[in-house]
Amino acid sequence: MCGIIGTLGHADVAQDLLEGLKRLEYRGYDSAGIATLYNGSIERRRAEGKLINLGKVIEKEPLQGDIGIGHTRWATHGVPSERNAHPHATDRVAVVHNGIIENFRELRRELESSGRIFGTDTDTEVIVQLIHHNLSQGLKPVDATSAALERLEGAFALAILFAEEQELMIGARRGSPLCIGWGQKEMSLGSDALALAGLSNRISYLEDGDWAVITRDGATVRNTHGELVERAIRTTALSEKQMSKGNYPHFMAKEIHEQPTVIGQTLNTFFNPLDRSISLPELPFNLLEIERITLIACGTSFYAAMIAKYWFEQIARISVDIDIASEFRYRGTPMAKGGLALFISQSGETADTLAALRFCRKQGQHIAGIVNVSESTIDREADIVFNTHAGPEIGVASTKAFTCQLVTLACIVIATARVRGAISREQEQELSSAITEVPARAAEILNHDDSLRQLSNVLAGARDVLFIGRGASYPIALEGALKLKEISYIHAEGFAAGELKHGPIALIDQSVPVIVIAPSDALFEKTASNVSEVVARGAQVIFLSDSKGIAALGDQAKESIELPTVHSFVAPILYALPVQILAYHTAVLKGTDIDQPRNLAKSVTVE
Ligand code: G6P
């Protein structure tokens, strides 16, 4: 949430900052701003709304200078407006901030009583006023900042610019991510490596509590105790090309269509084609000794956890707890030492997931992560990480990262089941073969794009849409509903088909499309009965199944989409695709902002 960038050394720095902000816009897009130093003075341009508005402002009133900071905002304190847009500044200091300063009211009262006058409703402004106050007490910029950082409570990543200091920028992180880009007489700061992709591919990641003094020649980093520390410089493979839409109208469309490839890439890291077996990297714990697994995540990643619970329990015969990170982190769950806590996150930065990870560490759990963004905080804090290879996911609604998480979880389940003796060698081969078919079957499903697009006409006219499924199809029903509501703004709910009679069936009438996720698996007949019940009450059923399922039930459905016949183990991975495509086309019909839906941000780095 909120993207920050800073750079020094580039001529026409405002253009570089705008380009960097474009790559960060997925983090928030309700306002944006840039500040530069020109002839020693802080110059600012800010605009409410999307980055394009800031671009227009800068076109009209260009910003000069070769040092500057920029921000794209997801509002926490203070409505989205130009006045509340970052950078916040006085005539001596300018700041961009990602995070929340929790003690801002107290600091603001204190600073106001010492004469500082505030101009915004944001928590961030206290940082600016505090540093300015320290400067006016005679402290030099570095000391003024260090003293201010000591007073701040909460989470932050900051980039700070000082009037008359053409050679200095300060970056600091506590809670929120920040990295440094190294160049030749050019240095930069950014929320993540994506932001810096056009500026530098040599990146060092700040650790929690670090702050860095950056000049054109390099950076010195201090830790939370003020000690000088070294942070390794790594070369990233990220390129600007990976962050373009190619020939697709939206990132979401591109990312949906990349799934056969990226699922294959992810699978290749586990699958051994010679003996059709799955192997995991060396683990820092013994799978045989794990008595309980806890899976924790947020949003779409949580639905991947839900599906994995079915798999772990049914196939590997091990008990699994699952939880939403924001609920888990404050419940104080007692955990028997030596369990495995597995955190699933596309970004690797979700604040609640990270807090849950740290809680589990204190409870003596082995910490594993499934993460798409390498070098993200979860990637670095976990004892073992299984990286998904989805590539940069820019569309706010997660698609390819989800299916890659599922493939990874499926491989972990097979390996766990084998080690624990829950499956035979033949069963392992059967399950592994089923997974290896996923990329090809996913490609087949993408061929249904046209029929799914036609179906989306039914959804686009609806006020409410229900998704139902049983077993591992139930989380897909939840995911289908989430996708639809986040990008088309249509009210949608997912239900376990067996729960309908306990309440949700009261919602059903002729105006409510009911999307049924029903591969022909062991629970098919049960779902079929639920379909009859909703059809009897006038629902318009849209049926997603395979040829056998459609033959058994097709005549009851208003519409059916025939999906490939696959092993029931991998069906949830594949049935994710049609619900993504349906949501996508419905949103196109509604004319919503698909890649940047209102009020959402891709990386939720605040609670
Ligand atoms: C946000 C995104 C979702 C994502 C969730 C969890 O809400 O919009 O697409 O599923 O965060 O993010 P993570 O990066 O931890 O998977």
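Only the coordinates and a few stated rules stand behind these numbers; no lab work does. What you see is a predicted model; the values in this text were computed from it and never measured. Here the Cβ positions follow ideal geometry from the backbone for every residue, glycine too, while neighbour counts run over all protein chains shown.
Based on the Cβ-Cβ distance of S277 and L228, what FRET efficiency does E = 1/(1 + (r/R0)^6) give at R0 = 35 Å, to the nearest 0.05? Between S277 and L228 the formula returns 0.15. Measuring between their Cα centroids, the range 334-379 and the range 131-182 lie 29 Å from each other. Of all complete DSSP H helices in the chain, those with a Cα span along the helix axis of 24 Å or greater and a mean Kyte-Doolittle hydropathy of 1.0 or more are 400-419, 571-590.
Bridgeable lysines around K60 (alpha carbons under 25 Å apart, same-chain partners fewer than 8 residues away excluded): K22, K50. Computed from the Cβ-Cβ distance with R0 of 60 Å, the FRET efficiency linking Y248 to D143 stands at 0.75. When shorter helices are ignored and each DSSP H run of at least 4 residues is given -39500 (n - 2.57), the per-residue value for the chain at 222 nm works out to -11000 deg cm²/dmol.
All Cα-Cα distances of the range 22-171, cut into 10 Å bins from zero to the largest, leave 12, 43, 36, 9, 0 percent in each bin in turn. Provide Rg over Rh for the range 461-606; use the alpha carbon set for both Rg and the Kirkwood Rh (inverse mean inverse pair distance). Ratio of gyration radius to Kirkwood radius for the range 461-606: 0.97. Of interest is the spacing of the C-alpha centroids, which for the range 1-77 and the range 407-485 amounts to 41 Å. Once the Cβ-Cβ distance of K526 and E150 is raised to the sixth power relative to R0 = 51 Å, the FRET efficiency obtained is 0.25. Site pair S113 and Q427 shows an inter-label distance of 6.9 nm when each label is modelled 7 Å from Cα along Cα→Cβ. Residue-wise HN-Hα couplings along the range 492-501, as the Karplus relation 6.51 cos²θ - 1.76 cosθ + 1.60 with θ = phi - 60° gives them from phi, are 9, 9, x, 10, 6, 3, x, 8, 3, 5 Hz; Gly and Pro carry x.
Note on K548 and A336: the model spin-label points, each 7 Å out from Cα along the C-beta direction, lie 3.8 nm apart.
Among the listed pairs K501/K558; K400/K483; K254/K483; K400/K602; K254/K548, those whose Cα-Cα separation exceeds 19 Å are K501/K558; K254/K548. In whole angstrom, note down how far apart the Cα centers of the range 252-313 and the range 489-556 are. Using only Cα atoms, the two centres lie 28 Å from each other. Sites listed here are trypsin sites (Lys or Arg not before Pro) in the range 287-317 whose DSSP assignment is loop and whose Cβ has at most 13 other Cβ atoms within 10 Å: R317. Which shape class applies to the range 416-476: rounded if a/c is under 1.5, otherwise prolate when a/b exceeds b/c and oblate if not, where a ≥ b ≥ c are the square roots of the Cα gyration tensor eigenvalues? It comes out oblate by the Cα gyration axes.
Net length available on complete extension from D121 to K362 is 83.1 nm, with 0.36 nm assigned per residue and the Cα-Cα distance removed.
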